[in-house]
Amino acid sequence: MMLVSAALFLTLAPAAPPAPAIDVAADTVIITEWLVPYEESRPRDPFVAPDGRVWFVGQRTDYAAVFDPKVGEFERFDLPEGTGPHNLIVDSDGTVWYAGNRAAHIGKLDPVTGEIEQIVTPDPPARDPHTLVFAPDGNIWFTVQGGNVVGHLQTTTGDMRLLPVETGSARPYGIVTASNGWPWIALFGTNKLATVDTETMRLSEIELPRKDARPRRLVITSDGNVWYVDHAKGFLG
């Protein structure tokens, strides 16, 4: 009887208490908004460049734009018609890289000259590059939601490698890179995350506890843990 009671106690013993929440009074948070001057353009996915300016894309009307919060001014760069940009990232030299989600390419925009170089993605299976993220070495990892692959782009050469996701219709969506260079991916169409061993280039899938979970975006904290949002049921994992 005592052994059973001990086992029961160990099973029900709580884990370490969560860290205390930061108490922030509502009147200490200042929110400033600026109206994007490009109507009905679906501005999305802001990215803070090294110079402090904020870049974003207009998914519906095919542009990349930058906002300077110091002076409150916008500048727009038109992309090829039909691009449907999904997100962009800016490297240390100020070059803008964007995902041409509806036009099967990754674009490289020079904000000084306005010139655009298109790096074509294979169609299929990478007709819809979705989200781009830098690796520590300056190269780019990206997701392809409809094509069900994860891609790697060498920014200096334009060489591209695609890694198929074994689970069908997994819909690779959000992506981040860890300090060791491994990308972590949310598989929006299933209850899994994925990661890639950058030495072997082997993609592995990690099943989440709930069968009906649908992870969409994720982040990595300074302690190396991966956090994801479950878009389907309102959980944080």
Members of the stretch 117-137 found to be open to solvent by less than 30 Å² (accessible area, probe 1.4 Å) and either touching a helix residue (DSSP H, G or I) at 6+ places or on another chain (Cβ under 7 Å) or over 14 Å from residue 186 (Cβ atoms) (or both), listed by number: 119, 121, 126, 128, 129, 132, 135
Number of positions in the stretch 59-79 that are more than 13 Å from residue 99 (Cβ to Cβ) and among the small types (Gly, Ala, Ser): 2
Members of the stretch 53-93 found to be of a type outside the set (A, V, I, L, M, F, W, C), in contact with a strand residue (DSSP E or B) (Cβ under 6 Å, 6 or more places away or on another chain) and open to solvent by 50 Å² or more (accessible area, probe 1.4 Å), listed by number: 53, 75, 76, 78
Any hit, the stretch 25-38, residues being modelled with pLDDT of 75 or more and touching a Ser or Thr at 6+ places or on another chain (Cβ under 9 Å): yes
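Evaluate the following for residue 141: is it crowded, with 21+ Cβ neighbours inside 10 Å and in contact with a His (Cβ under 7 Å, 6 or more places away or on another chain)? Spell out how you get there, then give the answer.
Details: crowded, with 21+ Cβ neighbours inside 10 Å: yes; in contact with a His (Cβ under 7 Å, 6 or more places away or on another chain): yes.
Here the answer is yes, as residue 141 does meet what is asked.
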Among the residues listed as 191, 139, the single one being among the polar types (S, T, N, Q), at pLDDT 95 or above and closer than 24 Å to residue 84 by Cβ: 139
Test: residue 178 is touching a Lys or Arg at 6+ places or on another chain (Cβ under 6 Å) and modelled with pLDDT of 95 or more: no
Residue satisfying condition, being open to solvent by less than 80 Å² (accessible area, probe 1.4 Å), in contact with a Pro (Cβ under 6 Å, 6 or more places away or on another chain) and part of a loop (DSSP other than H, G, I, E, B), within set 168, 181, 224: 181
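The values are calculated or read from the model by the stated rules, or taken from the named source; none is laboratory data. Values in this document were obtained by computation on a predicted structure and should not be read as measured data. For neighbour counting, all protein chains shown are included, and Cβ atoms are generated from backbone atoms with ideal geometry for every residue, glycine included. With ligands, DNA and RNA removed, areas are computed over all heavy atoms of the protein, side chains included. Shrake-Rupley method; radii C 1.70, N 1.55, O 1.52, S 1.80 Å.
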